[in-house]
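K.L.:
Here you go, one structure.
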Amino acid sequence: MSEKTSQKIFLNDRLVDKDQAVVSVYDHGLLYGDGIFEGIRIYSSRVFRNQDHIDRLYEGALAIRLEIPLSPEEMTAAVEKTVAANNIVDGYVRLIVTRGAGSLGLDIRRTSNPQVIIIADTISLYPEELYETGMKIITASTIRNHPSALSPRVKSLNYLNNILAKIEGTDAGTLEALMMNHKGEVAECTGDNIFIVKNGVLKTPPRDAGILEGITRKVVIELATEAGIDVREEAMVRHDIYTADECFLTGSAAEVIPVVDLDGRKIGTGTPGEITKKLRKRFQEYVREA
Ligand SMILES: Cc1ncc(COP(=O)(O)O)c(C=O)c1O
């Protein structure tokens with residue numbers, strides 16, 4: 001999008017100018033973080049893995065008992081329409097569904113009209129050179145949501161604990177931070193899933209480590225499996241990362257980014273590993289394949 005002033009936002013049932021895209025200050029998305037969202041990549045004007053994002057969105061809605069006013073098919077069409085209206089060739093979609101405006105209380109029966117917001121824009125999460133050199137991360141003391149409190153599988157508008165962990169990273173001079181789960185195992189980073197390579201085996205924490213089941217994570221598992229790499233979803237602790245040969249993160253915004261240092265300790269050689277580089281390259285090809 002060259003001119004921001006002409007940006008169109010999808011709001012509920014139509015495209016409106018950015019300035020007209022407003023929701024109530026009584027919206028429970030704002031008041032309580034009551035809602036869900038998705039971050040989706042656009043590659044070569046196509047919505048990447050749209051069905052996976054739609055599935056996760058509607059499952060999240062079910063989990064928090066939010067009735068999305070559009071059908072999955074209507075939502076898919078709305079995303080495509082927003083991308084086209086903003087001439088996005090390579091970019092990012094932020095899809096948000098809030099509980100809607102209500103009274104000043106938690107009761108969802110006193111809310112009405114969940115709000116659907118779709119923003120299509122460009123994105124660049126990390127500096128380009130970090131994809132070549134690898135990035136440094138630290139372990140945050142803030143843990144990921146306890147699954148019995150709020151399932152990390154729901155991509156909810158409640159990101160406060162991840163934000164607190166991210167602040168710890170920022171304070172330590174890193175752009176991402178590793179979050180443990182309530183059992184002291186590795187969960188994921190504040191906005192990315194984590195993988196390690198040890199003796200040629202690709203490993204990532206399983207769903208029950210309390211993670212968001214990332215769509216990029218799923219794609220990387222598929223691509224690695226196709227490439228004949230042994231992939232295992234298994235519980236890990238920080239020791240496994242300190243002693244790994246390679247490490248990388250995945251996310252819709254981050255794509256595949258190497259990690260070369262955790263808590264000031266070099267991982268492997270301290271440079272992006274061969275399997276990481278291979279998977280990153282394969283991922284970059286795959287996203288643009290028809
Ligand atoms: C906490 C968290 N974990 C992992 C991911 C990566 O998920 P995906 O690959 O679906 O973007 C995200 C990004 O949305 C996230 O916020």
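K.L.:
Go through Leu70, Leu104 for me and flag whichever is touching a helix residue (DSSP H, G or I) at 6+ places or on another chain (Cβ under 7 Å), assigned by TED's automatic domain parsing to the domain that holds Phe10, surrounded by fewer than 20 Cβ atoms within 10 Å (Cβ to Cβ) and not in a helix (DSSP H, G or I). Walk me through it before giving the result.
P.N.:
Details: Leu104 fails: touching a helix residue (DSSP H, G or I) at 6+ places or on another chain (Cβ under 7 Å).
From the options Leu70, Leu104, the qualifying one is Leu70.
K.L.:
Does region 99-116 contain any residue that is touching a residue at least 60 places away in the same chain (Cβ under 8 Å) and within 16 Å of the ligand (Cβ to nearest atom)?
P.N.:
Checked region 99-116: no residue is touching a residue at least 60 places away in the same chain (Cβ under 8 Å) and within 16 Å of the ligand (Cβ to nearest atom).
K.L.:
Let me ask something else. Quick one: Ile138 ticks every box in (1) within 16 Å of Asp27 (Cβ to Cβ); (2) among the β-branched types (Val, Ile, Thr); (3) not assigned by TED's automatic domain parsing to the domain that holds Tyr32 bar one, so which box is it?
P.N.:
(1)
K.L.:
Identify, please: which residue in region 181-239 is under 21 Å from the mean Cα position of the chain (by Cα), of a type in the set (Asp, Glu) and more than 21 Å from Asn158 (Cβ to Cβ) and is, among those, nearest to the ligand (Cβ to nearest atom)?
P.N.:
Restricting to residues being under 21 Å from the mean Cα position of the chain (by Cα), of a type in the set (Asp, Glu) and more than 21 Å from Asn158 (Cβ to Cβ), the top hit is Glu222.
K.L.:
Over 21 Å from Phe283 (Cβ atoms), more than 16 Å from the ligand (Cβ to nearest atom), modelled with pLDDT under 95 and in a helix (DSSP H, G or I), is that true of Thr76?
P.N.:
Values: over 21 Å from Phe283 (Cβ atoms): yes; more than 16 Å from the ligand (Cβ to nearest atom): yes; modelled with pLDDT under 95: no; in a helix (DSSP H, G or I): yes.
No.
To keep it simple, each residue is scored yes or no on (1) closer than 16 Å to Ile211 by Cβ; (2) surrounded by fewer than 21 Cβ atoms within 10 Å (Cβ to Cβ); (3) not β-branched (Val, Ile, Thr).
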{"residue": "Ser124", "(1), (2), (3)": "no, yes, yes"}
{"residue": "Pro127", "(1), (2), (3)": "no, yes, yes"}
{"residue": "Thr133", "(1), (2), (3)": "no, yes, no"}
{"residue": "Ala140", "(1), (2), (3)": "yes, no, yes"}
{"residue": "Ser148", "(1), (2), (3)": "yes, yes, yes"}
{"residue": "Pro152", "(1), (2), (3)": "yes, no, yes"}
{"residue": "Leu164", "(1), (2), (3)": "no, yes, yes"}
{"residue": "Cys189", "(1), (2), (3)": "yes, no, yes"}
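Results for (1) surrounded by 14 or more Cβ atoms within 10 Å (Cβ to Cβ); (2) within 24 Å of Gly214 (Cβ to Cβ); (3) modelled with pLDDT of 95 or more; (4) not aliphatic (A, V, I, L, M), shown as yes or no for each residue.
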position: Leu11; (1), (2), (3), (4): yes, no, yes, no
position: Ala21; (1), (2), (3), (4): yes, no, yes, no
position: Gly29; (1), (2), (3), (4): yes, yes, yes, yes
position: Ile40; (1), (2), (3), (4): yes, yes, yes, no
position: Arg46; (1), (2), (3), (4): yes, yes, yes, yes
position: Ala63; (1), (2), (3), (4): yes, yes, yes, no
position: Leu66; (1), (2), (3), (4): yes, yes, yes, no
position: Val83; (1), (2), (3), (4): yes, yes, yes, no
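K.L.:
A further question follows. If you go through region 166-186, how many residues are aliphatic (A, V, I, L, M) and surrounded by fewer than 23 Cβ atoms within 10 Å (Cβ to Cβ)? So that I can check it myself, show each step before the final result.
P.N.:
Within region 166-186, the subset aliphatic (A, V, I, L, M) is 167, 172, 175, 177-180, 186.
Okay, now just the ones that are also surrounded by fewer than 23 Cβ atoms within 10 Å (Cβ to Cβ), so 167, 172, 175, 180.
Of the residues in that region, 4 qualify.
K.L.:
Tally the residues that are out of contact with any Gly (no Cβ under 7 Å at 6 or more places or on another chain), within 16 Å of the ligand (Cβ to nearest atom) and within 19 Å of Ile119 (Cβ to Cβ), restricting the search to region 31-51. Before you say what the answer is, go through the steps one by one.
P.N.:
Here is the first cut: in region 31-51, the residues out of contact with any Gly (no Cβ under 7 Å at 6 or more places or on another chain) are 31-34, 37-41, 43-51.
Checking the rest, the ones that are also within 16 Å of the ligand (Cβ to nearest atom) come to 33, 37-41, 43, 47-51.
If we keep only those that are within 19 Å of Ile119 (Cβ to Cβ) too, we end up with 33, 37-41, 43, 47-50.
Number satisfying all stated conditions: 11.
K.L.:
Could you list, ordered by first residue, the pairs with Cβ atoms under 7 Å in which the first is in region 252-274 and within 16 Å of the ligand (Cβ to nearest atom) and the second is of a type in the set (Ser, Thr, Tyr) and modelled with pLDDT under 95, at least 6 apart or interchain?
P.N.:
Ala254/Tyr126; Ile257/Tyr126
The values are calculated or read from the model by the stated rules, or taken from the named source; none is laboratory data. What you see is a predicted model, and the numbers here were worked out from it, not measured in a lab. Glycine gets a Cβ as well: all are built from the backbone with ideal geometry, and neighbour counts include every protein chain shown.
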